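The values are calculated or read from the model by the stated rules, or taken from the named source; none is laboratory data. Keep in mind that what you see is a predicted model, and the values were worked out from it rather than measured. Cβ placement follows ideal geometry from the backbone for every residue including glycine, while neighbour counts extend to all protein chains displayed. The protein model used for the area step is the full one, side chains on, heavy atoms only, and it has no ligands, DNA or RNA in it. Shrake-Rupley method; radii C 1.70, N 1.55, O 1.52, S 1.80 Å.
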Amino acid sequence: MKKVILVAGARPNFMKIAPILRAMKNHPDLRAILVHTGQHYDDNMSEAFFAGLGIKKPDYQLSIGSGTHAVQTANIMIGFEEVCRIEMPDMVLVVGDVNSTIAAGLVAKKLHIKLAHVEAGLRSRDRQMPEEINRLATDAITDIFFTTEVGGTQNLLAEGHSEDSIHFVGHVMIDNLFYQLGKMGDEDAASPSVRSLKESLLEKYLCMTLHRPSNVDDKKILTELIKTINTIASEVPIIFPCHPRTLRRLHDFGLDDLFIMKESVLPEASKGIIITEPLNYDDFLYLWKDCTIMLTDSGGLQEETTALGVSCLTLRDNTERPITVEVGTNILIGHDMDKLRLEIKKALNGEKKNGRIPDLWDGNASERIVHHICRYLKENSN
Ligand code: UD1
């Protein structure tokens with residue numbers, strides 16, 4: 001029996017780890033150990049996600065919390081090294097591009113443990129993004145790569161990695177999306193307040209998420225964005241589950257008053273920005289799957305909207321997930337507010353960008369990953 005430690009730390013990690021854990025459960029050759037670094041710790045950024053995704057409680061909770069990049073990364077490394085010394089795993093598996101990804105990866109390799117990276121090879125070419133540094137550094141030390149799109153494989157090959165270490169498997173995020181959608185048939189999928197919010201909306205509504213430092217840490221950029229969004233919200237309601245980082249910035253920059261409508265008046269939500277706490281996965285999916293347009297700077301939502309054919313306008317200049325633009329429903333807006341207004345007008349008028357589901361985004365990526373890991377560990381045992 002081979003031992004694999006799976007690492008999750010920030011909100012998007014939990015959705016990616018869940019289907020891999022399911023695929024490893026009861027596997028005759030693998031034992032999965034789950035480590036939660038605690039990078040995200042608020043209940044609605046962490047616990048609610050674990051519960052809603054139906055995954056086991058972490059075997060280790062490192063409770064690292066927030067800090068500067070150096071403090072957070074270093075603390076995760078110190079905590080995770082201890083876990084690795086106790087467990088002596090055959091492999092560490094990391095997902096995505098958050099600080100927990102690179103921190104755990106570094107620890108694994110310094111202890112000569114095999115490292116698997118799920119969602120490898122993505123590149124935005126924007127080194128101002130902390131995630132781009134995490135992606136580059138993690139892939140530089142990874143032993144076995146799992147890519148979500150052909151572009152990821154090409155990037156890794158161009159960086160000199162061998163073809164047989166790279167496996168194009170599809171996307172675990174989409175495995176999770178289809179799994180959660182399958183469960184959504186019954187009426188109780190969403191919480192009562194979210195169900196009544198949706199009932200109160202007119203046929204057309206937008207959803208929005210915003211948390212990237214490039215959008216929310218600069219007063220001028222955030223002010224312009226919120227002003228534009230506010231104008232749009234005078235015509236069509238916009239549901240905005242607000243990330244804690246963004247909420248703090250809105251307050252710091254004195255932008256709280258710009259909102260037309262707050263959570264306290266949810267039932268009359270015929271228009272306005274409806275700001276809520278971060279929602280759990282099921283609640284937000286229940287809302288956004290039927291929205292007219294998603295406005296986002298998230299990586300995962302660019303992909304999930306493409307998978308469900310929902311229009312997505314991305315509030316970033318670049319994307320490390322080009323397949324969503326090339327074949328999917330995603331359009332890059334950057335900070336061009338005229339383009340934002342124009343694309344929203346078009347989508348509201350029914351001029352939607354049509355897309356198709358990218359290759360291998362079929363709900364079976366996790367099974368493929370587990371198959372490759374088993375083979376790899378058989379062939380490359382220490
Ligand atoms: C992190 C990831 C980002 C991912 C995002 C998803 C990195 C570098 N960034 O960004 O790629 O898209 O998670 O949400 O890893 N905070 C809370 N409660 C929490 C967590 C954070 O209040 O549970 C606040 C704290 O003020 C903290 C700030 O949010 O300082 C930023 O948190 P952090 O984990 O550093 O980065 P995110 O912006 O969440």
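Overview of values
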| item | result |
| --- | --- |
| Selection within the stretch 12-29 - surrounded by fewer than 23 Cβ atoms within 10 Å (Cβ to Cβ) and under 16 Å from V98 (Cβ atoms) | P12 |
| Pick from the stretch 217-248, criterion under 22 Å from D283 (Cβ atoms) and not in a helix (DSSP H, G or I), ranking: nearest to the ligand (Cβ to nearest atom) | H243 |
| Flag for G151 being in contact (Cβ under 8 Å) with a residue 40 or more places away in the chain, over 19 Å from L34 (Cα atoms) and more than 15 Å from the chain's Cα centre (by Cα) | yes |
| Filtered residue count, the stretch 30-50, keeping only those that are surrounded by fewer than 15 Cβ atoms within 10 Å (Cβ to Cβ) and either more than 13 Å from the ligand (Cβ to nearest atom) or closer than 18 Å to K3 by Cβ (or both) | 1 |
| Single condition D188 does not satisfy, out of (1) within 20 Å of T296 (Cα to Cα); (2) assigned to a helix (DSSP H, G or I) | (1) |
| Subset of the stretch 202-216 (residues that are in a loop (DSSP other than H, G, I, E, B), closer than 28 Å to R249 by Cα and either among the aliphatic types (A, V, I, L, M) or without any contact (Cβ under 8 Å) to a residue 12 or more places away in the chain (or both)) | L210 |
| Matching option when the condition is touching a residue at least 24 places away in the same chain (Cβ under 8 Å) and either more than 25 Å from T147 (Cα to Cα) or touching a Lys or Arg at 6+ places or on another chain (Cβ under 6 Å) (or both), among R22, R11, R85 | R85 |
| Residues located in the stretch 325-382, provided they are open to solvent by 20 Å² or more (accessible area, probe 1.4 Å), among the β-branched types (V, I, T) and not in a strand (DSSP E or B) | V325, V327, I357 |
| Within the stretch 163-173, tally of residues that are over 13 Å from F14 (Cα atoms) and within 18 Å of the chain's Cα centre (by Cα) | 3 |
| Residue among N26, N13 that alone is of a type in the set (S, T, N, Q), more than 22 Å from S191 (Cα to Cα) and within 12 Å of the ligand (Cβ to nearest atom) | N13 |
| Residues of the stretch 111-148 satisfying the condition of being under 19 Å from V35 (Cα atoms) and in contact with a helix residue (DSSP H, G or I) (Cβ under 8 Å, 6 or more places away or on another chain) | L111, I113, K114, L115, A116, H117, V118, E119, N134, T138, T142 |
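The rows are residues; the columns are (1) open to solvent by less than 10 Å² (accessible area, probe 1.4 Å); (2) more than 15 Å from W288 (Cα to Cα).
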site	(1), (2)
K204	no, no
C207	yes, no
L210	yes, no
T231	no, yes
I238	yes, no
